[in-house]
Amino acid sequence: MIQGISLFIALLVVGSTSLLLTVQVTGQTIGEENDTSLKGNTIENKTIILNAAEVGEDETAEQGEDETAEQGEDEKYRWVDSTGMENPHLNIISNTEYTIKIDNPTDEEHELIIDSESDGKISAIAEGPEIKPGKNNEFKFTASQVGELGYHCKYHPDQMNGTITVS
C-alpha cells in the first residue's frame, strides 16, 4: 500500500514538472543561433523568460590562480532563455507591454538592466528588481520606439548581455 502511494506521489511530481517545462517552452521559436524571435504564441502571451545561469569558469581568469582566492570569481554567468540560448537576441514589438520573468538559481545576485544608446551615451531605460540567489522575479517592460536596445546584468555586465530589436 505504501509503495502504491509513493508511486502515485512520484507520478504527481513528474506530471507537475512536465507541465512546468511545457509552460516555459511553449511559444518560443527556435531560430538562428542566439536568436529568440518572439513570434506566434509568445507575442500573444507577451512573456519573455530570461534566467541567470552559471555556465563555467570565466576565460579571463588568470592561469594558476591561488586556491585561496575568493570563491565565485572564476564563475561565468549568462542570461539563458527557455530554449537554452545564452545571451539571446530578443525581437519585440514597440508599444507592446512584455512581462520579463527571471529565475536565479545561481549563488550570486543579478539585476536585468535594459539600456539605449543615443549620441554615444548609454542610459538605462528600464531596470528589473534585484534577484537574490535562489529567488525569482518578474517585471513589465514596454519599448516606445523602434530600434536597437541592449540588456545586461548590473553586477556582471561583461558576461550577461545581449541585444533587443524593437520593430
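Each value in this text was obtained by applying a stated rule to the coordinates, not by laboratory testing. A quick note: this is a predicted structure, and the numbers were derived from the prediction, not measured. Quick reminder, even Gly has a Cβ in these numbers, built from the backbone with ideal geometry, and neighbours come from all protein chains shown.
Using a 10 Å cut-off around each Cβ, can you sort Ile122, Ile92 from fewest to most neighbouring Cβ atoms? Mind showing how you got there, number by number?
Working: Ile122 12, Ile92 20.
Going from sparsest to densest Cβ surroundings: Ile122, Ile92.
How about Lys154: which lysines have a C-alpha closer than 25 Å to its C-alpha, ignoring those fewer than 8 places off in the same chain?
Lys46, Lys76, Lys101, Lys121, Lys132, Lys135, Lys140
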